[in-house]
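Colleague: Mind having a look at this structure? Questions to follow.
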Amino acid sequence: FVFPALGGLLFGYDIGATSGATISVHSAELSGTTWFNLSSLQLGLVASGSLYGALGGSILAYRIADFLGRRIELMTAAALYISGALTTGLAPNFVVLIIGRLLYGVGIGLAMHGAPLYIAETCPSQIRGTLISFKELFIVGGILFGYLVGSYEIDVVGGWRYMFGFSAPLAAIMAVGMWSLPPSPRWLLLRAVQGKGPMEDNKKKAMNALRRLKGPSASDKVLTDEIENNLSSIKAAYADQAEGSIFQVFEGASLKAFTIGGGLVLFQQITGQPSVLYYATSILQ
């Protein structure tokens, strides 16, 4: 759970760190650059650059997760976190700074898609909801951590570089951790049902992955039963699928789900809560 959840912590960290970094990079005394005199629009791009990247990452995430798997998706997210943090922290000018923010944001988009999927597909069913909710706590903890790092670096010349760059070693821990974990057993079975891998080979791989997740004490019967149950549920889900169009989202039960889901996101945004988080330092000043 911890390694995929680090993807959420790094998302939250970016929010908190950005709040202090926008003050630091804009300061004539503390920015440590010759291009500190940024306009409001440019400062806005520094703050929101990762969100534009996250939008792009979210659009790519579904196909990447199904094609490469949740584990590789999260390793890719960690690599983007590292490259984005280093590019931003070492940026020689404003354009490179924004490129780094976009790279980091693409990592956010992939991590926020892959983390709950991997957690849900690898953890015991009785604590699945708890752990997915606990990942949200990692995001909030990351926000607090970002504010703390910002408070220590806010009076340092070039402190914004440390604020952004500090996420690189955390992302490296995430990358190593995800590399050490097995692929999702359910994803392996999904690939077989989709006809994108031999059924028996993928069942053996899923069995080995599940054994690594559950530990050596798990019996073959328990593992086999779980594999067969997963396989049956995937086949049943695919048997009920039919060709459709995007317009069906606006019909019947789908419209109700779309209204509830979209409404939650809409009201979360229009309250201004994200703006308060990203600009907390400026607001308090």
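Colleague: Could you check, for region 227-237, whether at least one of its residues is open to solvent by less than 50 Å² (accessible area, probe 1.4 Å) and under 30 Å from Gly12 (Cβ atoms)?
Modeller: Within region 227-237, none of the residues are open to solvent by less than 50 Å² (accessible area, probe 1.4 Å) and under 30 Å from Gly12 (Cβ atoms).
Colleague: Do you know which residues across region 176-191 are among the aliphatic types (A, V, I, L, M) and buried (at least 20 other Cβ atoms within 10 Å of the Cβ)? Break it down stepwise before answering.
Modeller: Going residue by residue through region 176-191, those that are among the aliphatic types (A, V, I, L, M) are 176, 178, 181, 188-190.
Selection gives Met178, Leu188, Leu189, Leu190.
Colleague: Considering region 117-133 alone, what residues qualify as being touching a residue at least 60 places away in the same chain (Cβ under 8 Å) and within 14 Å of the chain's Cα centre (by Cα)?
Modeller: Residues satisfying the conditions are Leu117, Tyr118, Ile119.
Colleague: While we're on this one: Test each condition in (1) among the aromatic types (Phe, Trp, Tyr); (2) more than 24 Å from Leu188 (Cα to Cα); (3) open to solvent by less than 60 Å² (accessible area, probe 1.4 Å) for Phe134 and report the one that comes out false.
Modeller: The single condition Phe134 does not satisfy is (3).
Colleague: Name the residue that is farthest from Pro274 (Cα to Cα), counting only residues in region 134-184 that are of a type in the set (Val, Ile, Thr) and under 17 Å from the mean Cα position of the chain (by Cα). Write out each step before concluding.
Modeller: Of region 134-184, the ones of a type in the set (Val, Ile, Thr) are 139-140, 143, 149, 154, 156-157, 173, 176.
Remaining after also requiring under 17 Å from the mean Cα position of the chain (by Cα): 139-140, 143, 173, 176.
Values: Ile139: 13, Val140: 12, Ile143: 11, Ile173: 27, Val176: 31 Å.
Applying the filter and picking the extreme gives Val176.
Colleague: Quick one: in region 266-277, of everything that is among the aliphatic types (A, V, I, L, M) and surrounded by 10 or more Cβ atoms within 10 Å (Cβ to Cβ), which residue is nearest to Ile143 (Cα to Cα)?
Modeller: First, pick out the residues of region 266-277 that are among the aliphatic types (A, V, I, L, M): 266, 270, 276-277.
Remaining after also requiring surrounded by 10 or more Cβ atoms within 10 Å (Cβ to Cβ): 266, 276-277.
On the way: Leu266: 21, Val276: 12, Leu277: 8 Å.
Going through the qualifying residues, I end up with Leu277.
Colleague: Sticking with this one: Picking from Leu60, Leu6, Leu30, which residue would you name as being touching a residue at least 24 places away in the same chain (Cβ under 8 Å), open to solvent by 40 Å² or more (accessible area, probe 1.4 Å) and more than 18 Å from Leu90 (Cα to Cα)? Steps first, please.
Modeller: Values: Leu6 fails: open to solvent by 40 Å² or more (accessible area, probe 1.4 Å); Leu30 fails: more than 18 Å from Leu90 (Cα to Cα).
After ruling out the rest, the residue left standing is Leu60.
Colleague: Another question, then. Is it the case, given these coordinates, that Ser254 is surrounded by fewer than 11 Cβ atoms within 10 Å (Cβ to Cβ), farther than 30 Å from Ile154 by Cα and free of Cβ contacts under 8 Å to residues at least 24 places away in the same chain? Quick ask: steps written out before the conclusion?
Modeller: Details: surrounded by fewer than 11 Cβ atoms within 10 Å (Cβ to Cβ): no; farther than 30 Å from Ile154 by Cα: yes; free of Cβ contacts under 8 Å to residues at least 24 places away in the same chain: yes.
No, not satisfied.
Colleague: Taking region 34-57 on its own, how many of its residues are among the β-branched types (Val, Ile, Thr) and open to solvent by 40 Å² or more (accessible area, probe 1.4 Å)? It would help to see each step written out before you state the result.
Modeller: From region 34-57, those among the β-branched types (Val, Ile, Thr) are 34, 46; that's our starting set.
When the remaining residues are screened for being open to solvent by 40 Å² or more (accessible area, probe 1.4 Å), the result is 34.
Residues in region 34-57 being among the β-branched types (Val, Ile, Thr) and open to solvent by 40 Å² or more (accessible area, probe 1.4 Å): 1 in total.
The values are calculated or read from the model by the stated rules, or taken from the named source; none is laboratory data. Small disclaimer: the values here were computed from a predicted structure and weren't measured. Note that we place each Cβ from the backbone using ideal geometry, even for glycine, and neighbour counts take in every protein chain shown. Accessible surface areas use protein heavy atoms only, side chains included; no ligands, DNA or RNA. Shrake-Rupley method; radii C 1.70, N 1.55, O 1.52, S 1.80 Å.
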